[in-house]
Amino acid sequence: MKTWMLAGLAALLLTSTAAAGDDVIVGQPAPTLTDVNWVKGSPVTEWKKGEIYVLDFWATWCGPCKKAIPHINELAKAHRGDKVNVIGVAVWPHDGMVPTDKFVAEKGDDMDYSIAEDVGGKTAQRFMDGSLSNGIPTVFVIDREGQVAWIGNPFEGMDDAFKQILAGTQDKAAFAAADKARRDSAAREEARSARLDKHMPTISAAAKAKDWPKALAAADALLAEDPSDLYAVQVKYKVMHDSGDAAGATRFAVAQVKGGAAADPMALNEWAWSIVDPAQKVDLAQRDLELAMAAAVRADDLTQHGEASIIDTLARVHFLKGDVAKAIELERKAIEVADAQQKAQLQPTLDEYLKAAPQPKGS
């Protein structure tokens, strides 16, 4: 039916020219583009006061980056008279990819803005690593004071943020707080990756050998490093389930979810949806509906019953458990709080539930 998209680091005081290794933080002076080759346009060596710079970090091998190019190009054309400078910064080259200069030449006016190419990975290190950004496309907007004003995916909030920055009306404290939340999340992901690198080889090897005591001990060690990490909970759940202890796995996971160990509503929702997703060709008897219910209820509570995708998941759990009336009630609530696009996606589900509802006698 759908796919619902799946740091506490001390801030360093940046000087007007940040060096590699410095943090790149919203509200702080932006580092300059010193380690690049200019493929198109005149070199930009400083951030001129009174001008805005939009830096789109991309690569020719990156599908989402190429999808974003038309929008970046329109932004460049629309604001050329507003002292707005758009620069595509090519990073993370791969063997066998289309060379940046060839790609840009073929695009012509479809990439009608300046293009710089990273040298030796130094620019990616300075901007991407410095901002804890681990994927492209990533856009950095630099305001008229030469400060980093916004960092993020061009498909996720860039337009609204840019309009505010252009008008000089952005709430700088709110933008900085959002960036801190983004950095905190990225730092947690880095810490998680380190834990997985440490423990997953042992877990995988033991599971492959069906040495379940060893696999379980390694899963416990992973979870002990951060009991609040939902992914670690999921790993232990899978080990227990694969070892043949399905009932114990459910009891463990439900207790973790109900106990508040997991506080990420969207991650909880994704787990619940992975169990009840009708696209998954799994017999109803094999679906862990008790776990799905616990995860969906927790996610719904965390979002104060206001997130359409989560309410939709909860409705599906009730539907699979045979409570069609509750499923209809919840799906109507999901549509009520949904945006226009979501409403269109959810209506067929409501129709499905209405069709399955028992009909009054004599109708």
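Residue count for the stretch 77-103 satisfying the condition of being hydrophobic (A, V, I, L, M, F, W, C) and closer than 23 Å to Pro31 by Cβ: 7.
Whenever a residue of the stretch 187-202 is within 20 Å of Leu132 (Cβ to Cβ), its partners that are modelled with pLDDT under 95 and not in a helix (DSSP H, G or I), lying with C-beta atoms within less than 7 angstrom and at least six residues away or across chains, give the pairs Ala187/Ala7; Ala187/Gly8; Ala187/Leu9; Ala187/Leu132; Arg188/Ala7; Arg192/Asp229; Arg195/Asp226. Of the helices (runs of 4 or more DSSP H) lying entirely inside the stretch 259-363, those containing at least 3 residues that are on the phi < 0 side of the Ramachandran plot and within 22 Å of the chain's Cα centre (by Cα) span 265-276, 289-302, 308-320, 340-356.
The values are calculated or read from the model by the stated rules, or taken from the named source; none is laboratory data. Since the structure is predicted, the reported quantities are computational estimates derived from the model, not experimental observations. Ideal geometry is used to build each Cβ from the backbone, glycine not excepted, and the neighbour counts take in all protein chains shown.
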